[in-house]
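Worksheet for the structure shown next.
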Amino acid sequence: MLELLALREGKLIEWRIARLAHGKSHAFATILRWHVTKSDVTGNPVLGQVHVVTRLGPGGVCHVGYVDGRANPNANVLAQQIADENAREFKCGKDKPIILGTRGKTTSVDGRSFAISVTPWAPPPW
């Protein structure tokens, strides 16, 4: 069984934006690459990258899908596809996140999907 050792966000965030009828724009999703380090069954580190597609409100903010950034040379395009085709209609809490493309060592374990759980950072209350 793989054990998550470290999770670090990437430096760039991609905003998926729709142009509305009255000329304004609306961000409906983001794509952020996460750097993942896990340990394999022997304890050796396995490095990975997961592109996380997040739906933005109204209607909830949640993960819509995941793409393995190391196993897919076109990971950005696949993540954009998830966002553009699914994020606006995705039902947070009801729909299951999509995993698109090839699954590498950090996105599947014995055929089971691996999805990262990220709690947004918030400043301390003091």
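Derivation of every value follows stated rules applied to the coordinates shown; laboratory data play no part. Quantities reported herein were computed from a predicted structural model and do not represent experimental measurements. Neighbour counts run over all protein chains shown; Cβ positions are idealised from the backbone, glycine included.
Quick notes on this structure:
- Placing unit charges on the Cβ atoms of the charged side chains and taking the dipole of the range 3-113 about its Cα centre, the candidate lying farthest along the positive direction among 99, 87, 72 is 87.
- Counting only residues at least eight positions apart within a chain, or on another chain, the aspartates and glutamates with an alpha carbon under 17 Å from that of residue 105 are 3, 40, 68.
- Net charge dipole size for the range 35-90 [Lys, Arg +1 and Asp, Glu -1 on Cβ; Debye, nearest 20]: 120 debye
- Rounded to the nearest 20, the Cβ-based charge dipole of the range 3-113 about its Cα centre (Lys and Arg +1, Asp and Glu -1) stands at 240 debye.
- Rough spin-label spacing in nm, given labels placed 7 Å along Cα→Cβ, for residue 12 and residue 39: 3.4 nm
- Charge tally in the Cβ shell below 14 Å around residue 8, where Lys, Arg are +1 and Asp, Glu are -1, residue 8 excluded: +2
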